[in-house]
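Single-structure report; data block below.
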Amino acid sequence: MNVKFVEFKKIFGEKHLGIASVILDDKILLRYKILPGKDGKGFYPKPGSYKTENGQYVEAFVLDSNFVKETIENVIREHVRQYLEEGIPF
């Protein structure tokens with residue numbers, strides 16, 4: 001399994017901080033919303049979602065493997081932290 005961080009785009013005026021993109025196995029582009037932690041400190045990645053006819057939000061994709069999910073989220077956290085805490089331009 002190969003996970004490459006592509007970019008982080010900061011979003012202003014929304015409840016999420018931005019969008020992080022990664023490529024899985026040089027084939028699949030995945031985008032995650034970066035949401036602030038409940039206490040205002042930290043952040044966490046969450047897959048994009050869409051609204052169903054019932055008005056419920058459903059994740060746009062689900063990874064079947066917890067190992068793959070955690071690996072991708074760790075790569076995202078590592079790179080987004082650099083953008084947010086160290087002021088890397090985006």
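Each reported figure results from applying straightforward, stated rules to the coordinates on display, with no laboratory input. Because the structure is predicted, anything quoted here is derived from the model rather than measured. Don't worry about glycine lacking a Cβ; one is built from the backbone with ideal geometry, like all the others, and counts go over all protein chains shown.
Tabulated results
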| item | result |
| --- | --- |
| Cβ-defined net charge surrounding residue 61, 13 Å radius [Lys, Arg +1; Asp, Glu -1] | +2 |
| Relative contact order (percent, whole number), region 3-85, Cα cutoff 8 Å, 6+ residue spacing | 23 percent |
| For residue 4, net neighbour charge (Lys/Arg +1, Asp/Glu -1) across residues whose Cβ lies under 10 Å away | -2 |
| Over the chain: helical MRE at 222 nm, DSSP H runs n ≥ 4 each giving -39500 (n - 2.57), nearest 500 | -7500 deg cm²/dmol |
| Under 12 Å from the residue 16 label point (7 Å along Cα→beta-carbon), backbone N, region 47-65 | 47-51, 58-61 |
| Convex hull projection area averaged over all views, the chain, Cα basis, nm² | 6.9 nm² |
